Each structure stands twice: as C-alpha cells, then as structure tokens.
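Undergrad: Next up is a structure, given as structure tokens.
The values are calculated or read from the model by the stated rules, or taken from the named source; none is laboratory data. Treat the numbers as computed from the prediction; the structure is a model and nothing was measured. Here Cβ is always computed from backbone atoms with ideal geometry, including for glycine, and neighbour counts include all displayed protein chains. Only protein heavy atoms, including side chains, enter the accessible area calculation; ligands, DNA and RNA are left aside. Shrake-Rupley method; radii C 1.70, N 1.55, O 1.52, S 1.80 Å.
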Amino acid sequence: MRMIFMGPPGAGKGTQAAVVAEKYGIPAISTGDIFRANVGEGTPLGLEAKRYMDAGEYVPDSVTNNMVRDRLAQPDAEPGFLLDGYPRTLAQVEELDGMLAASGASLDAVVVLTVDSEELVQRLLKRAETSGRSDDTEEVIRHRQDVYTEQTAPLIDVYRDRGLLLEVDGLGEVTEVSERILTALDGVSRG
Ligand code: ADP
C-alpha cells in the first residue's frame, strides 16, 4: 500500500499517520520529522531547512525532493509507505510521479483530513505550549495556514481527478478519526 496523507497544519496528520502506518505495516515517512531530526543534529540539510521552517515557509522543492528520494530508496519503503507531509507543491507531485514511475510503482490512496481553519489555529496554539517547536507562534501558525491554502490545497483537485482522493473529517476524538480513515482505506484495499 502506497499512500499520502494531506491536511492543513494542525489537522492531526502526524498522529493519524502513525496509527495507519502501523496498521498496514508500512513506514510513516514525515518530511517535517526528518527535517526536525536534521535540525536537531545540526546537519547541513538541517541548517538549510531551519531558516524556512522557522518562518513558516516551505523548504525549497529541490532540497525536499532529494531527501524524499533517498528515503524512499531505503529497503523498508519497498513494499509500501505512508508519506506524511509530502508532496506539498505541484512540483513535488511531479517529482514523486517520476520516482514512482522509475520503480514501476503507483499510489493507492491520498487521504485528506479536513478541519476548520480557526479550530486548527487554536489546536496549534495549544500544542505550542508544550511542543517547544520554534515554528509554533501565532504569527507563524497563521502564515503556515496561508502557505497551505496557496500551495498545497490545489493538490487536492489533482488527486481527486486521478480518483485517489479520500476526504476524511478530522474533527473529533483521535480514535474516532482513525476509524474513519481506516474505514475509507478499507474500500481501497478491497479494490
Ligand atoms: P505542519 O503539518 O504543522 O506544517 P510538519 O512537521 O509537517 O508540520 O512540517 C514542518 C515544516 O517542515 C513545514 O512548515 C515546512 O517548513 C517543512 N516541510 C515539511 N514538509 C515539507 C515539504 N513537503 N515541502 C517543503 N517543506 C516542508
């Protein structure tokens, strides 16, 4: 199973991605987590990424694409994967298409978590109290929502046109949302 998780910042993507990946026995690959790990280790990639992340901007496509290409080449991603937070731009969609085509693979599903944007800002402000993430200030949070609307929301139409889109209501208890996602995916894996 090869799937993508999309949704605005704060929609609960990361939490749900972990649950679903575990269920399917595939790695959850979060570009945000990989960037943060690199920032933590002070690698050149981390130093480059941090400037953008702290401003609530996307890391340049070339940097992100190369990182994902390397990650998807790891043996654990061969039978399947769940991409959390990638692709986020049309250029990344094309790049991923190329990577998959090169290995004769294709996507099975794109899950989009939908949540009201004011609810999201409130969630993120709450998370900011404990996360220690330097991109969790109100100004940066609002900016990240705008960047999502401008650059990533258009991808929803692309994947809908391909018949891959599963839109899931992201509002409610974590377990409730997990159930909705797994039910939607169940239809896909049965064909
Ligand atoms: P959130 O869902 O709250 O935006 P993430 O952990 O997914 O958080 O991402 C944190 C930051 O990492 C993003 O704001 C962006 O700077 C960077 N990032 C993550 N994924 C990508 C991507 N696919 N393309 C460009 N930048 C990305």
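Undergrad: What lysines does LYS23 reach when the alpha-carbon gap must be under 30 Å and sequence neighbours fewer than 8 apart in one chain are set aside?
TA: LYS13, LYS126
Undergrad: What is the projected area of the convex hull of the Cα atoms of the range 116-191, averaged over all directions, in nm²?
TA: On the way: hull surface 25.2 nm².
Here the figure is 6.3 nm², rounded to one decimal.
Undergrad: Which value in Å is the Kirkwood Rh of the range 70-156 over different Cα pairs? Mind dumping the intermediate values first?
TA: Values: mean 1/r = 0.0658 Å⁻¹.
With all distinct Cα pairs of the range 70-156 included, I get 15.2 Å.
Undergrad: With N denoting the number of residues in the range 1-87, provide Rg(C-alpha) divided by 2.2 N^0.38 Å, to two decimal places. Don't jump to the answer; show the numbers that get you there.
TA: On the way: Rg = 12.9 Å, N = 87, 2.2 N^0.38 = 12.0 Å.
That ratio works out to 1.08.
Undergrad: Oh, and also: So with the 1.4 Å probe, I'd like the accessible area per residue for the chain, rounded to whole Å². Present the calculation step by step, with values, prior to reporting the outcome.
TA: Working: 9510 Å² over 191 residues.
About 50 Å² of surface per residue is accessible.
Undergrad: Just how large is the dipole of the chain about the Cα centre, in debye to the nearest 20, putting +1 at every Lys and Arg Cβ and -1 at every Asp and Glu Cβ? List each step's numbers first, then the result.
TA: Numbers: 19 positive and 33 negative charges, 63 e Å.
Once rounded to the nearest 20, the dipole reads 300 debye.
Undergrad: Let me ask another. What does the charge dipole of the range 12-82 about its Cα centre add up to, to the nearest 20 debye, if the Cβ of each Lys and Arg holds +1 and the Cβ of each Asp and Glu holds -1?
TA: Values: 7 positive and 10 negative charges, 27 e Å.
Computed charge dipole of the range 12-82: roughly 120 debye.
Undergrad: Kindly write out, for the range 42-48 in residue order, the coupling ³J(HN,Hα) from the Karplus curve 6.51 cos²θ - 1.76 cosθ + 1.60 (θ = phi - 60°), rounded to whole Hz, with x marking Gly and Pro.
TA: Values, residue by residue: x, 6, x, 4, x, 4, 5 Hz.
Undergrad: Springs between alpha-carbon pairs under 10 angstrom, Gaussian network model over the chain: which of THR152, THR43, THR31 fluctuates most?
TA: THR43
Undergrad: Can you give me the Rg/Rh ratio for the chain, using Cα atoms for both radii and the Kirkwood formula for Rh? Don't skip to the answer; put the middle values down first.
TA: Values: Rg = 15.9 Å, Rh = 17.0 Å.
So for the chain, dividing Rg by the Kirkwood Rh gives 0.94.
Undergrad: To continue, here is another question. Please report how far the C-alpha centroid of the range 48-117 lies from that of the range 139-181, rounded to the nearest whole angstrom.
TA: For the range 48-117 versus the range 139-181, the Cα centre distance is 15 Å.
Undergrad: Taking all protein chains as present, what is the carbon and sulfur share of the accessible area of the chain, in % to the nearest whole number, probe 1.4 Å? Walk me through the intermediate numbers first.
TA: Values: 4760 of 9510 Å².
About 50 percent, which is the carbon plus sulfur part of the accessible surface.
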